[in-house]
Structures are given as structure tokens and as C-alpha cells.
Ligand code: SPD
């Protein structure tokens, strides 16, 4: 019998992936977590029926979640990851030798444990690297008590349902800005420009109201996410993501640019990612300060 998984993006559209077998399924205090093996994409993590990652294309998401902000900041010594319990964003962050301390704040211990067991290529680094600390805590509470501590914050949340809902609010963005040092940078996963323009507008509006001087969006293609194209926001009071992108990082982290272990990100991709398609510029222009 053929077994297929479908994630519905809207009532009339979704993505369907053929499943070899279910490896893990359980309900934590917060959400339903499943790991299935698929024919096309390898193992896949699904939370509340939504694809979080697959072995085949997670590198695109995690490289683009971590590197743009870490490359723009000249001294990313202290980094906070919010969510990201699978370890993929931490793996990419810890490739930066400049990073002295990485704190990962994930609310759901079951995500950490299941990924530790079934996705070792994502989680291994954060477990083994002495620079990393894993906190099982609600990030909404955690950032309130972390004033002025971080150079870079990466919000690797799940979609804005269940426990991640509060991670898309203006109040949270205001707390994020306070948790950054004066020249800090935050990057947040921001959903699909095709299906979730409303969420992207909400993020832009919230970050601007929180007081950030620069709020910019960038994108990458991710085959297993709704619409195949995904967005992130980057916000800072000091650094513009393209105008302040120097080549200095090549000296600071030469191993990322010469015989690079990366498979998606480089400085050309960085610049290109901040060039937005016209329909996106249009809907962003209709809110706040424009693109
Ligand atoms: N609909 C997919 C949204 C997923 C965003 N976060 C994924 C977590 C991977 N570290």
C-alpha cells in the first residue's frame, strides 16, 4: 500500500510526499511531533502536520537562517538561537570561529531529544561544541531577562501556530531589540511570500514599531516549504544587510569561503537574496516604511 503525507497550505493546495515509513510519532506538552522516512527527501520532521525540515533540503534553510546575519555583524561573539531545537541553525552558527558563546533556547525538549536521535547530522555539533549551551525554556520569558546581551539573535521558529505564535508579535520584537547589544542584528524566519504575505507584513510592521532602523527581507528556494520559496527578515539599528556587507568576513572566517563546506550560501547569494520579486516589493510597500 502506498502511504502519502500531505501538508495543506490552503484548503485547495498543498504538498504531497510519498512516505516509506513512520519512524517516530508523539505528542509533547506543546505539539504533535512526527519523523517519517520519505522516498524523495530522506527523513522529514513534521510538527502539527507541517514540514519543519527534510534531510535533502535542510541545508538551504539553515545556511540562510544563520549566515546572513553572522556575516554582516563584524563581531558576532554572543549569539542566541530561539527555537531551532533540531540543531541545524546551531550547526551553521558554530561554523563561525568568531562566535564565542551560543545559547539555544528551545521550549520543547521532545524536539531536541527526537532530533538528537534521528537527525545526528544536525544535532551533533551543538551537543559536542563547548561554546554551546542548550536551554529548555520559553524564549518569550527568556528574552525579557536578557537585556543588552547578544550580538546576533536568530529566530528559528516553527510556523505561527501553537507555541510559536507569540514569536511573531510586536511585544516579542520589542524584547528582542532590548536583548541585543546596541549594534545587534536579529534574523527571523518569515514564512512564504506567496502564501503568507499577511504574516510578512505583520513581521515588518512589528519590527518597525519595535524601533529597528533597518528592516529588510531576503529569500531562498526550499522545495518542501509552501510555495517552494521562503523568507527571512533581518533587522538592526546599525547594519544594513547589503550596504554594510564587507568582504572582511573572508579574512575572519576563511574556511567558509575557500573550499567552503557550505552548499548554498556565499556572498553573491547573500546580495541576490535581498533582491525581492516585484509582487513582494508591492505588498511590502503597502505597509510601514516601504521595502
Ligand atoms: N513551514 C515551515 C516553517 C519552518 C520553520 N522552521 C523550521 C525549523 C528548522 N530548524
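Bear in mind these aren't lab numbers, they're just calculated from the coordinates by the rules spelled out. As the structure is a prediction and not an experimental result, all values here were calculated from the model.
Here are a few things to note about the model shown:
- Its Kirkwood hydrodynamic radius, worked out from the mean inverse distance over all distinct Cα pairs, puts region 58-284 at 17.3 Å.
- Region 71-125-region 255-271 distance, computed between alpha-carbon centres (Å): 19 Å
- Cα-only Debye scattering, region 3-52: base-10 log of I(q)/I(0) at q = 0.20, 0.29 Å⁻¹: -0.66, -1.13
- Ellipticity estimate at 222 nm from DSSP helix runs (n ≥ 4, -39,500 (n - 2.57)) divided over the chain, nearest 500: -8500 deg cm²/dmol
- DSSP beta bridge pairing in the chain, given as percent antiparallel to the nearest 5: 65 percent
- Cα convex hull, region 164-261: 127 Å³ per residue, rounded to a whole number.
- Taking a ≥ b ≥ c as the square roots of the eigenvalues of the alpha carbon gyration tensor, region 208-264 is oblate, as a/c is not under 1.5 and a/b does not beat b/c.
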